[in-house]
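See below for the structure under consideration.
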Amino acid sequence: MFKKCIFYRGGPLVIIIWTIIIALLFQPITGAFAQVKGVCEERLKEAEKKFYDGFFDEAITLLNQCLKEPNIAQQERAKTHELLAKVYLGKDYLDQAENALKKLLELVPTYTANPERDTPTFVALVDKVKAEQPQEPKPVEKKEDKGAWYTNTWVLVGTGVAVAGGVALLLLSGKKEAETVNPLPAPPGLP
């Protein structure tokens with residue numbers, strides 16, 4: 001019976017093996033997408049460290065690379081513009097700092113500087129840029145985060161395949177056992 005189950009074309013063991021093979025084939029693809037998503041986050045952390053260490057030019061380079069990423073999330077883009085404004089302010093590039101703050105306020109119209117964490121110069125610049133903006137904020141087009149569609153899709157597909165394989169295994173093995181364990185009694189003989 002076991003031998004028949006292993007080599008049978010549609011047997012449950014074959015279904016499980018194919019499920020595992022498919023899951024292993026798609027694993028490197030999902031890992032590559034996860035790496036793309038985390039690249040900007042790592043650059044942001046490195047740029048923030050460079051900023052606090054006083055390496056402003058290197059921080060600007062990292063932040064600009066992050067802004068060039070095609071699938072950067074809106075929250076990361078806003079954080080990048082905020083840090084870019086702080087770096088430009090540290091270099092005393094007021095025009096560039098204002099431009100970065102304008103882009104930040106386009107993404108997050110309700111943004112306010114934190115006086116406990118930010119420098120008074122940065123807080124004043126944020127207030128100045130907000131005062132120059134029109135009173136009625138423009139409706140911001142909501143763009144879907146196209147980079148996030150694949151983060152859970154492969155997990156769901158893999159789980160679905162595994163569940164389908166498990167159900168098929170249970171159905172196929174339960175049917176075979178029912179036939180062999182409880183055979184029907186022979187019909188009574190006729191006189």
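What ranking do 73-84, 123-134 get when scored by the average of other Cβ atoms within 10 Å per residue, highest first?
The most tightly packed comes first, giving 73-84, 123-134.
Can you compute the modelled spin-label distance between Ala131 and Leu171, with each label point 7 Å from Cα toward Cβ, in nm?
Placing both labels 7 Å beyond Cα along the Cβ direction yields 7.1 nm.
Bear in mind these aren't lab numbers, they're just calculated from the coordinates by the rules spelled out. What you see is a predicted model; the values in this text were computed from it and never measured. We place every Cβ from the backbone using ideal geometry, glycine too, and count neighbours over all the protein chains shown.
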